[in-house]
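Comments concern the structure below.
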Amino acid sequence: MLLPLDNPNDGPAVAIDFETANELRTSACSIGVAWIDKGRVTATEEHLIRPREMRFNPFNSAIHGIRADDVADAPEFPAVWARLRARMDGRLILAHNASFDLSVLRHTLTDYGLDWPDCSYLCTVVLARRAWPTLTAHKLNHLADFLGIALTHHQAGSDAEACGRIALAAARELGLGGLSEIAKATGITFGRLTAGGYSPCKGGKAPRRPRVVA
C-alpha cells in the first residue's frame, strides 16, 4: 500500500476527471473529484451530469458505461459546478492528460456563460514522465497497476482519486516534501486558467538523480 506524503505544510490540491457523452468538449456526463489536503487524498466525489445535448455516442458509452437514461434526472453542469466551485478556490488542479479535462471545463463553462476560475493546474502525465522516465507507458491504468492503486478505469471518481494518488507518489519518488515543490524541483511549468485565458502545463527538465559512485 502506498503511504501518503502526510505533509501538513503542503498546499491543498484537487484532482478532477471528466467523462463525456460524445466527441464534443461540451458533453460532460460525469465528473470525478478527489480532494487532497496535507499530502493525503481526504475525500472523493462523483457526480452525474445531464449534457445540454442528450446525444450519447455508443463509442463513449462503451468506454465509461454511462447512457442517456442514467443522466435523465441528473442536474446540468451549472448546478454541479455550483457545488464544487467555491471549494476549489486556492487549490492546485490535477488532471491526467489535463489538456482534455481542462478543455472540457473551459468549453463547458463558456457554453453556459459561466466565468472561468483563476487557478493553476498540473498534468499528471507530464509529472509521471519526470518521476518514472523508464516506464514504457504513462497512461492512468498503467500507472495504477505499477503503483498498486485500486482503479475502476473510466469511472470518474475512481480516475480522479487515482490521479491524485499518482501525483503524491510522483512527489515521493522525486524526493519532494509535497506537490508545492514540483515546479521548482523539476522545471515543470504549471498551466494557468484565468478569466482572460489559459496557458498549458509544460514538461520542464528531467529530474536529477543521485550519481552512484562505485
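Overview of results
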| quantity | calculated |
| --- | --- |
| Sparse-neighbour loop sites [GluC sites (Glu not before Pro); segment 1-110; at most 13 other C-beta within 10 Å; DSSP] | Glu23, Glu53 |
| Peptide ranges 58-67, 163-172, 178-187, 124-133 listed from the most packed, as the mean C-beta count within 10 angstrom indicates | 163-172, 124-133, 178-187, 58-67 |
| Kirkwood Rh, Cα atoms: Rg over Rh of segment 119-202 | 0.98 |
| Portion, in percent, of the accessible area of the chain that falls on carbon or sulfur, probe 1.4 Å | 51 percent |
| Computed E for Ala137/Ala183 - FRET, C-beta separation, R0 25 angstrom, nearest 0.05 | 0.50 |
| Base-10 log of normalised Debye intensity for the chain (one unit scatterer per alpha-carbon) at q = 0.07, 0.08, 0.11 Å⁻¹ | -0.21, -0.27, -0.51 |
| Cα-based Rg and Dmax for segment 51-140, where Dmax is the largest Cα-Cα distance (Å) | 15.9, 46 |
| Share of alpha-carbon pairs per 5 Å distance bin for segment 5-70, given as whole % | 4, 18, 23, 16, 11, 10, 9, 7, 3, 0 |
| Charge-dipole axis of the chain as Lys and Arg at +1 and Asp and Glu at -1 on Cβ define it, positive-most pick from Asn57, Gly90, Thr20 | Gly90 |
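The values are calculated or read from the model by the stated rules, or taken from the named source; none is laboratory data. Here the structure is a predicted model, which means the values were calculated and not measured. Neighbour counts run over all protein chains shown; Cβ positions are idealised from the backbone, glycine included. Keep in mind that these areas ignore ligands, DNA and RNA; they rest on the heavy atoms of the full protein, side chains included. Shrake-Rupley method; radii C 1.70, N 1.55, O 1.52, S 1.80 Å.
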